[in-house]
Structure formats: structure tokens, C-alpha cells
Amino acid sequence: MIGISKLMIGAGEEEAILRVVRSGQLAMGAETHDVELAFAKRLGGVECIAVSNGTVAITLALAAMGVGPGDEVITTSFSFIGTIEPIIQLGATPIFADVDLASANMDIAGIESLITSRTKAILPVHLYGRPVDLAAIRDVASRYNIAVLEDACQAIGASDANTGEVGSSGTAVFSFYGSKNIACGEGGLVATDDPSIAERVRLLRSHGSIETYRHKMVGYNARMTDLQAAILRVQLDSLDDVTAGRRSNAAFYHDTIHNDAITLPVRNDETSASCFHQFTLRLASQADRDDLQAWALAHEVEARAYYPYALSSHPVVEDLGMSARCENAEALSNVVLSIPVRESLSDDERSHVADVVSSWEPQGS
């Protein structure tokens, strides 16, 4: 089976793990400090705070922005549920913007109509590694004095012509879960150019303490371990190669998959460069999506729906009375299907994936 994801652990990661174990410092120590500095250097000098996972990173960043009970946060209607869990857990309400069908990212044109006196922040997602039009979102937010937090959990290494590499300005969060482009099993990061947000995130990360047994606020236990940090530091060194490999595989699919029943994702161009966390196809119907998925699996190609729900109509959201009608998100949830695009695919594997997808025919055609 040619899998969607495959965590690549080599000698460098093994040596890093042994170094930490032998040091006796497993909690947040020198390794965590070093990986924060490495990310800060890559992202042009913004402050970087390593935390336990990407969802927690969203929680801490929103809390540092002052999001709390009674507030509203405008976000996408199509993403993993981890995008909205922090909003709800902080006592705020997610307000769902519909998405663009081509990119699956937030439809910028619909944001302004959702702003109310309770809107505290906008939380866009760079879905599948495709940068959202951040400049346009920031323009809206600045006119209403609203904070912007980027969910870049799938977008490490992606870039936009107007705003540069994702995370290099403003405030963004990343995830390093095992399926991400670079990974340490779990782990997350808050990157920000706002010193006040950085200070609050650091306090919130470790029980609100400024030093042992001196607490400035009620916080969380959200520390990254040195084991995670050591693995991540090695993985970061390979990020450019990983991104280049995924982009190469995506370009190969764009050039070699020929099937009129399938819509391929947007190509990279001079304005926006996805890191291709996923290469996501769009079908004409749910029946076609399910049939192609079964066809791919029968031919030893893993294919998955990311995601088989719209957040705006998710049962959990409906139970909380927070649902909204977002037609494009609901449509996408029925017809998207991702195929392997990871950098570790061999030439034979990616050729097989392209052949399998190209040879599929809809039922009844």
C-alpha cells in the first residue's frame, strides 16, 4: 500500500534522542530553547514559542489575544475540528465563513458581513498547505481593529508573494503531529512578531509562572518536551528538501493525471506556493468520491477524505447551537479525496498513483 503519510526518522533523529536521554533533561530545556531559536531564524526573527501540540498552540495564542467568554471568532467552515475546539473551550463562539471551492480556503468576500461588536479575532486556515489570502484578511481586520491568528498547522514551508513565508509576520501556529510535513510525534509552535503576545503565550505555556512557584496568571501545562524538540530540530533542517519533494510530486501529478471526471487542486504560481501537505482531488459527487477511493485502495493506493464533514454543520457544533449553513464547505465534504504526495514517494510509486487515478472511470460512464 502506498500510504498518504510516512514518518521519516533517520540517524540524525536517533542521535538527538540519545543525546537528550543521556543528558537527563527531558522537560523543557536546552533542546526546546534551541529549536525555538532555529524557527525564529528561519522565519526572519519573529518570536517562537514551542508547545505540546498544534491545538494547544491555537488555545494559547487566542487566550493571549484576549479571546474569552462572550467573544466571537470568525473562522473557516472547512477544516479539522482542532481549529474550533480552542475557540469553544475558551468560552467564545466560532462564526463560520464559507470557503472557496477551488482552494478550499476561507472565502474572503464573506468575512466582513460576519463581523459584529463581539468579534475578537479572525482565524483563517492554510488548508492542505495552500496559503490563504492573508493580506486581504489583514486589511479587513485592521479596519475593524480585530486580531488575526493563522492556523498554519498544515502549512510549514508554504509562502505567499504578498506576505512571505507563512509565519514570518503576524501571529501563526504550527503543528508537528506525526503526519505533518515535518514531525516529532506531537508538538506545536506559536510564531509572532508581537512581543506582548509572545510574553503571554510563554506564561500560559507553563502554569502562568515567571519562575518556579511564582505565578502571574492561571495558565496551562503546555510545554514541549526536549525529546520532541530534539527530533524537531533535526527535522527542521530537512524542511526545504521535504517541501521541494512534495512540490515536485504535485507538479508531476498535474502533468500526468488525465481524467476529465476529476478536478485537480490549484497549481503553485508566482503569487502563492503551497507546501502540499495534501494533494486533494475534487469529484463530481459523493458516489464518485467513494468509488474512486475504493478503486485506489484496490490498487494499493491509500486515499482519504480530508474532511468528510463541514465544521459549520458538524453534529458537535449543532448540539452546541453554533451551526451555520455554508454550502461550499458542505459540498466539499462530500467530494474531496487526497492521494499520496509525500516527498518520500519513489518515481515508481508516484507513477503508479497517477496511473491508478487516471484509469478510474465513474460508475455508469
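The values are calculated or read from the model by the stated rules, or taken from the named source; none is laboratory data. Note that this is a predicted model, so its numbers are computed, not measured. Please note: Cβ atoms are built from the backbone with ideal geometry, for glycine as well, and neighbour counts cover all protein chains shown.
Here are the numbers for this structure:
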| read-out | value |
| --- | --- |
| Those residues of region 274-316 which are over 21 Å from the mean Cα position of the chain (by Cα) and either outside the structural domain of residue 246 (by TED's automatic domain parsing) or at positive phi (or both), in sequence order | 300 |
| In region 116-173, the residues that are surrounded by fewer than 17 Cβ atoms within 10 Å (Cβ to Cβ) and charged (D, E, K, R) | 118, 139, 143 |
| Residue among 349, 270 that is out of contact with any helix residue (DSSP H, G or I) (no Cβ under 6 Å at 6 or more places or on another chain), closer than 22 Å to residue 157 by Cβ and either among the basic types (Lys, Arg) or in a helix (DSSP H, G or I) (or both) | 349 |
| Residue match in region 220-239 (condition: in a helix (DSSP H, G or I) and either among the basic types (Lys, Arg) or at pLDDT below 95 (or both)) | yes |
| Options 215, 258: the member that is in contact with a helix residue (DSSP H, G or I) (Cβ under 9 Å, 6 or more places away or on another chain) and without any contact (Cβ under 8 Å) to a residue 60 or more places away in the chain | 215 |
| Complete set of residues in region 101-116 that are closer than 19 Å to residue 134 by Cβ and touching a residue at least 60 places away in the same chain (Cβ under 8 Å) | 102, 103, 104, 107 |
| Lone qualifier among 210, 231, 257 - being on the phi < 0 side of the Ramachandran plot, among the hydrophobic types (A, V, I, L, M, F, W, C), more than 24 Å from the chain's Cα centre (by Cα) and assigned by TED's automatic domain parsing to the domain that holds residue 101 | 210 |
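Table: residues versus (1) among the charged types (D, E, K, R); (2) surrounded by fewer than 18 Cβ atoms within 10 Å (Cβ to Cβ); (3) in contact with a His (Cβ under 8 Å, 6 or more places away or on another chain).
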| position | (1), (2), (3) |
| --- | --- |
| 237 | yes, yes, no |
| 263 | no, yes, no |
| 274 | no, no, no |
| 292 | no, no, no |
| 296 | no, no, no |
| 303 | no, no, no |
| 322 | no, no, no |
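For every residue, the table says whether it meets (1) under 20 Å from residue 150 (Cα atoms); (2) among the β-branched types (Val, Ile, Thr); (3) assigned by TED's automatic domain parsing to the domain that holds residue 267.
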site: 26; (1), (2), (3): no, no, no
site: 45; (1), (2), (3): yes, no, no
site: 49; (1), (2), (3): yes, yes, no
site: 66; (1), (2), (3): yes, no, no
site: 79; (1), (2), (3): yes, no, no
site: 82; (1), (2), (3): yes, no, no
site: 93; (1), (2), (3): yes, yes, no
site: 106; (1), (2), (3): yes, no, no
